[in-house]
1. Any idea which of 44, 34 is within 19 Å of residue 7 (Cβ to Cβ) and either modelled with pLDDT of 80 or more or among the polar types (S, T, N, Q) (or both)?
2. Tell me, which residue of segment 53-103 that is out of contact with any Phe, Trp or Tyr (no Cβ under 8 Å at 6 or more places or on another chain), among the aromatic types (Phe, Trp, Tyr) and closer than 22 Å to residue 21 by Cβ is modelled with the lowest pLDDT?
3. Looking at this structure, is residue 49 at pLDDT 85 or above and out of contact with any helix residue (DSSP H, G or I) (no Cβ under 6 Å at 6 or more places or on another chain)?
4. From the list 46, 54, 36, which residue is within 19 Å of residue 71 (Cα to Cα), aliphatic (A, V, I, L, M), open to solvent by less than 90 Å² (accessible area, probe 1.4 Å) and assigned to a helix (DSSP H, G or I)?
5. One residue is enough: does segment 105-121 have a residue meeting the conditions modelled with pLDDT under 75, more than 30 Å from residue 5 (Cα to Cα) and surrounded by fewer than 10 Cβ atoms within 10 Å (Cβ to Cβ)?
Amino acid sequence: IKLGIYLAIAIALHNIPEGISISVPIYFSTNNRGKAILYTFISGMAEFAGAIIAFLIFSRIESTIFLDLLYSFIAGIMICLVVDEFIPNAFNYQRKLNIIFSQKECMKYCVGLYLLYCLQFLLLFLD
């Protein structure tokens, strides 16, 4: 139960910046607050439906190796998306948005991921 509470808090905290990242560009491109809220709501419901479908498909699988492979596959997809789409777009808009993507910023990101990884193991050992 303790791990479930930690996981629920982590998901809730993750949804705040995710909702902002969906709604703000829509609001500024359309100047329509209702459309921004609607699309953010649709995105949230798609996540909820995906979670239910994934639970129904994978709830019977008890193999930790399969789940580890699945998570690594998903992480690979996210890394490819960032490297192939997000970083080149950041460089394209660098002059307009004054985005600085340097080795220092990359190291900050890596340190943040490392701290999250350490926090995960810390929470597992506290149980």
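The values are calculated or read from the model by the stated rules, or taken from the named source; none is laboratory data. Bear in mind that the values here come from a model prediction, so they are computed numbers and not experimental data. Every residue, glycine as well, gets a Cβ built from its backbone with ideal geometry; the counts of neighbours run over all protein chains shown. The accessibility values were calculated without ligands, DNA or RNA, using every heavy atom of the protein model including side chains. Shrake-Rupley method; radii C 1.70, N 1.55, O 1.52, S 1.80 Å.
1. 44
2. 93
3. Numbers: at pLDDT 85 or above: yes; out of contact with any helix residue (DSSP H, G or I) (no Cβ under 6 Å at 6 or more places or on another chain): yes.
When the stated conditions are applied, residue 49 passes them.
4. Every option except 54 fails the conditions.
5. Checked segment 105-121: no residue is modelled with pLDDT under 75, more than 30 Å from residue 5 (Cα to Cα) and surrounded by fewer than 10 Cβ atoms within 10 Å (Cβ to Cβ).
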